[in-house]
1. Could you grab me the full set of residues in the stretch 101-141 that are crowded, with 16+ Cβ neighbours inside 10 Å and small (Gly, Ala, Ser)?
2. Among (1) within 16 Å of the ligand (Cβ to nearest atom); (2) surrounded by 24 or more Cβ atoms within 10 Å (Cβ to Cβ); (3) more than 15 Å from the chain's Cα centre (by Cα), which single condition is Gly47 missing?
3. Given the structure, is Leu90 under 25 Å from His170 (Cα atoms) and not aromatic (Phe, Trp, Tyr)?
4. Look at the stretch 223-260 and say how many of its residues are of a type in the set (Phe, Trp, Tyr) and within 16 Å of the ligand (Cβ to nearest atom).
5. Which of (1) in contact (Cβ under 8 Å) with a residue 24 or more places away in the chain; (2) part of a loop (DSSP other than H, G, I, E, B); (3) over 19 Å from Glu42 (Cα atoms); (4) hydrophobic (A, V, I, L, M, F, W, C) does Val206 not meet, given it meets every other one?
6. Restricting the search to the stretch 192-222, which residues are closer than 17 Å to Lys140 by Cα, within 16 Å of the ligand (Cβ to nearest atom) and not hydroxyl-bearing (Ser, Thr, Tyr)?
7. Taking the residues in the stretch 231-261 that are among the hydrophobic types (A, V, I, L, M, F, W, C) and within 19 Å of Val133 (Cβ to Cβ) as candidates, determine which candidate is surrounded by the most Cβ atoms within 10 Å (Cβ to Cβ).
8. Whether any residue in the stretch 45-61 is part of a strand (DSSP E or B) and either at pLDDT 95 or above or among the small types (Gly, Ala, Ser) (or both) is what I want to check.
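The values are calculated or read from the model by the stated rules, or taken from the named source; none is laboratory data. This is a predicted model, so every value here is computed, not measured. Every residue, glycine among them, receives a Cβ derived from its backbone with ideal geometry; neighbour counts consider all protein chains shown.
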Amino acid sequence: MPAAGIIDIHTHFATGGDTPSDEELATMRRLAGRHGITRVVELFNFGPGARPSIAEVRACNTCALRAMERMPDFVTGFCYLNPEHNAAFLKEETQRCIGDGGMRGLKLWVAVKATDKRLDPVMERAAELDVPVLHHAWYKATEQGEFESTPAEIAGLARRHPQVTIVMAHLTGDGMRGVHDILDCPNVLIDTSGGQPEAHLVAYAVKRLGANRVIYGSDWPIRDFGTQVGRVAGAEISDVDRALIFRGNAERILRLKESGA
Ligand SMILES: [Zn+2]
């Protein structure tokens, strides 16, 4: 485990609205701490559905900003966006959350597919602000969501926007096939979240992509911290690689050292 603690790149709040619950924040911090996690990236709170309105996006982001204010040494927010929304809102909300509010990235989920042209202004804005984009991905055998992106589609997005660092979510959902899809996309990291750990998958991702492209995430509270930390702690990789996955890569893409956070 890194001495300075693990950074979890992929968490949510279960409670909705524009204000985080004190109880939920305290529980999250207590349980994260048990597993050596000292900072979490909050992506959005569950409540709005797959295609949130402008008001719902704003509320999610206000909730994350308030959590950052309450626990600045523990919570880093990402600005949640729906690419269906207009350019004026994109500019205004990213300014509020990142420019003024100190968030460190953008989060995209399943409102539109990664192949959709409406992602281009979002990616251009990420490049302008010099922040990473964490994008959901999953290969499902059945019931792939209508606008749910596959790793191959994330690879296409990465090739269209090679200047933007993308964190592709859910190693377990992406599988070996997903790792293959992003082999030639050096701007894509894969997060280790999603499902139950599968034997050798973290080690496989490290072997094919290099440890600097694999990053620890839990998807809390859908998954518990212990199982998700365990898949990296128990992987057949070197301690140097493990430290990159647990902390070094997040420090780099979130620029935590430069900001003294
Ligand atoms: Zn998630």
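1. Gly101, Gly105, Ala111, Ala114, Ala126, Ala137
2. For Gly47, the failing item is (2).
3. On the way: under 25 Å from His170 (Cα atoms): no; not aromatic (Phe, Trp, Tyr): yes.
No: the conditions fail for Leu90.
4. So the answer is 1.
5. Every listed condition holds for Val206 apart from (2).
6. Result: Gly194, Gly195, Gln196.
7. Within the stretch 231-261, the first condition is being among the hydrophobic types (A, V, I, L, M, F, W, C), and the residues that meet it are 232-233, 235, 237, 240, 243-246, 250, 253-254, 256, 261.
After this cut, where a residue has to be within 19 Å of Val133 (Cβ to Cβ) as well, the list is 250, 253-254, 256.
Values: Ala250: 26, Ile253: 20, Leu254: 22, Leu256: 17.
Restricting to residues being among the hydrophobic types (A, V, I, L, M, F, W, C) and within 19 Å of Val133 (Cβ to Cβ), the top hit is Ala250.
8. As a first pass, look at the stretch 45-61 and keep what is part of a strand (DSSP E or B): 45.
From what is left, the residues that are either at pLDDT 95 or above or among the small types (Gly, Ala, Ser) (or both) are none.
No; the residues of the stretch 45-61 include none that is part of a strand (DSSP E or B) and either at pLDDT 95 or above or among the small types (Gly, Ala, Ser) (or both).
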